[in-house]
Amino acid sequence: MGTPFDSFGNSAAILVLLALMSLMSVGVILAKLIQLWPATAGRSNRTAALQDWRGGDRTAAERRIASSKVPADRVLHYAMTALTQGIPTAPLERELERRGNEELIRLNSLIRLLELIAMVAPLLGLLGTVLGMIQSFQDLELAQGAANASVLAGGIWQALLTTAAGLLVAIPAAVAAGLFAARIDRAAQSIESAVSELMLIQSTR
């Protein structure tokens, strides 16, 4: 018994590969949505913590963001703890930069995979179309003119289907990668803004 893909000839393998890439893309998009949705949250809480720090209530400031999972809150909490422990500013700034970079690396994980899917999927679709067209014209040649236009047209639309499938896989991946990158940039700005404000407050004391 044949499979549903048998009628697509050489393009069948491309369609299967595109289907697998689509499933992978959907999984990555859902995982990144869960990870990145709260990445820019907690601004009001950080503002309150910085106000507590400015007012001299370091304990309250640290307590506000101690249990937060937001990247900017984690880096800010470490900075407050380090300042309370008396760590010098110069090494602390280097450590904060390192921790900020680690947070961004974590946020950027799998984004390149989405970008790769967005780039490769249309090329695979085009490859499937080319293979399908070659097969269609080979069949036409073997028929020695006996094949009618409807048979040729059927082979062509099946070949073109891989290009459409490739675009359907690539477009959501490309859009998601762009939106996620923008959100990561906002998270990076939140980290930099929070730490810079804290160090400015500390320098005026």
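Worth a mention:
- Projecting the Cα atoms of A12, L30, L140 onto the charge dipole of the chain, computed from C-beta unit charges around the Cα centre, puts L30 farthest toward the positive end.
- When you work out D = kT/(6 pi eta Rh) for region 11-203 at 4 °C and 1.567 mPa s, using the Kirkwood radius from C-alpha pairs as Rh and the Stokes-Einstein form, the result is 64 µm²/s.
- Of the DSSP H helices in the chain, those whose Cα atoms cover at least 15 Å axially and whose Kyte score averages 1.6 or more: 12-36
- The label-point distance for I34 and R58, in a model that sets each label 7 Å from Cα toward Cβ, rounds to 3.8 nm.
- When +1 charges are put on Lys and Arg Cβ atoms and -1 charges on Asp and Glu Cβ atoms, the dipole computed for region 11-203 relative to its Cα centre reaches about 620 debye.
Each value in this text was obtained by applying a stated rule to the coordinates, not by laboratory testing. In this text the structure is predicted, and so the values were computed from the model without any measurement. Cβ sites come from the backbone with ideal geometry, for glycine too, and all protein chains shown count toward neighbours.
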